[in-house]
């Protein structure tokens, strides 16, 4: 196994939960979340193979994976669904997760549905800032937007989530 | 305000599905998948990854296969549903149509050369260990060829059973002992009894008077020679002395 493969293996183990949770908050269901996570890591794997060593060393993995995952989700929303193989024909067990508490699990799934239903700009900002707990600077980086814009979108998004009626998103 | 952000934070603590990382790593070829196939040889466990088929073995249970694979190959292994084209390839390969790609990473260049050369032996034919050694450019390494074949991680598909002892005896077999080797060769149409009789009589080659060519007894080019035109030969020197040249297909001797 070469250096890149070892790095990738560590990356998968370290970030799999984070990327899956990100996918869940953005898509609102576990099946899509797993596909997003798979596709994110597969893209990362292909990209790593083409990167020179110094670029790999300087890679901020967390921010980088979030950027890839955001692109994956955006492409899916645009209807560009990459031909996703069911990984080795596996049948992921969505009925039983690592979370023991079924009630908590249902709450989380319900929340994910609400979050994922937000307009994309608020959804992305909120998920990066409050679900993934990136700093505003990191979130702004991942989104390619000014920090002020991200702050505003997080603020409006939270209002929408809380059900405030006086906020009218213009899309 | 606070409950919402707390809930959002907890949403971020959701865990990936069980086995996610292993399936992913298997998919990019950093681990292997396996399934059980019903074949002409009975049930065979076959492991594969993106490079190709990486291992095969006959075991009674999946657990035994997994333990064997971890010991022999050392990569991760997850049970999976076989890709739709793999069953066809497994069948074709065992019927003599070569369609599989193999992953021989982890083997030495010498071992890889032995296995690649062995793959060239057609179904229904056998070659001596010394033939493999000579063909890969290590004519003295006959024993090393035997060891490499004994450690063949993909028996049945890389047909190490088609390599036999120079004295015509069947020799040992990593894929289930000499009995299994005999059974598979018989299934492939090798006339073992005849082969062993010839070997006992000291015969190595079959010469054909009309063509002046000598072959290994199982070579398909000599199969349709008329009985009256066949000459049994004991060694290369006497064959050449009698005016025969080695067959260019089975290459029983280095072509001068």
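The values are calculated or read from the model by the stated rules, or taken from the named source; none is laboratory data. In this text, all values refer to a predicted model and were calculated from it rather than measured experimentally. All Cβ positions, glycine included, derive from the backbone under ideal geometry; neighbour counts span all protein chains shown.
Key figures
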read-out: Yes/no for residue B:10 being surrounded by 19 or more Cβ atoms within 10 Å (Cβ to Cβ), touching a helix residue (DSSP H, G or I) at 6+ places or on another chain (Cβ under 7 Å) and part of a helix (DSSP H, G or I); value: no
read-out: Criterion violated by residue A:43 - all others in (1) over 17 Å from residue B:16 (Cα atoms); (2) assigned to a helix (DSSP H, G or I); (3) more than 12 Å from chain B (Cβ to nearest Cβ) satisfied; value: (3)
read-out: Within region B:27-63, considering residues that are in a loop (DSSP other than H, G, I, E, B) and within 14 Å of another protein chain (Cβ to nearest Cβ), the one farthest from residue B:73 (Cα to Cα); value: B:28
read-out: From A:133, A:138, residue being at pLDDT below 95 and farther than 15 Å from residue A:26 by Cα; value: A:138
read-out: Residue satisfying all of: in region A:15-30; part of a helix (DSSP H, G or I) and more than 10 Å from chain B (Cβ to nearest Cβ); nearest to residue A:65 (Cα to Cα) among these; value: A:26
read-out: Residue among B:77, B:107 that alone is within 14 Å of another protein chain (Cβ to nearest Cβ), modelled with pLDDT under 95 and either closer than 26 Å to residue B:63 by Cβ or in a helix (DSSP H, G or I) (or both); value: B:77
read-out: Any hit, region B:18-25, residues being more than 11 Å from chain A (Cβ to nearest Cβ), surrounded by fewer than 19 Cβ atoms within 10 Å (Cβ to Cβ) and part of a loop (DSSP other than H, G, I, E, B); value: no
read-out: Condition met for residue B:96 (farther than 20 Å from residue A:5 by Cβ, in contact with a helix residue (DSSP H, G or I) (Cβ under 6 Å, 6 or more places away or on another chain) and either modelled with pLDDT under 95 or not in a loop (DSSP other than H, G, I, E, B) (or both)); value: no
read-out: Matching residues, region A:127-137, being on the phi < 0 side of the Ramachandran plot and free of Cβ contacts under 8 Å to residues at least 40 places away in the same chain; value: A:129, A:130, A:135, A:136, A:137
read-out: All positions within region A:3-14 that are facing chain B (nearest Cβ under 10 Å) and either free of Cβ contacts under 8 Å to residues at least 12 places away in the same chain or in a loop (DSSP other than H, G, I, E, B) (or both); value: A:5, A:6, A:9, A:13
read-out: Single match in A:96, A:48, A:59 (criterion: within 11 Å of chain B (Cβ to nearest Cβ), at pLDDT below 95, surrounded by fewer than 21 Cβ atoms within 10 Å (Cβ to Cβ) and closer than 20 Å to residue A:142 by Cβ); value: A:48
read-out: Residue in region B:204-219 that is assigned to a loop (DSSP other than H, G, I, E, B), surrounded by fewer than 20 Cβ atoms within 10 Å (Cβ to Cβ), at pLDDT below 95 and in contact with a helix residue (DSSP H, G or I) (Cβ under 6 Å, 6 or more places away or on another chain) present; value: yes
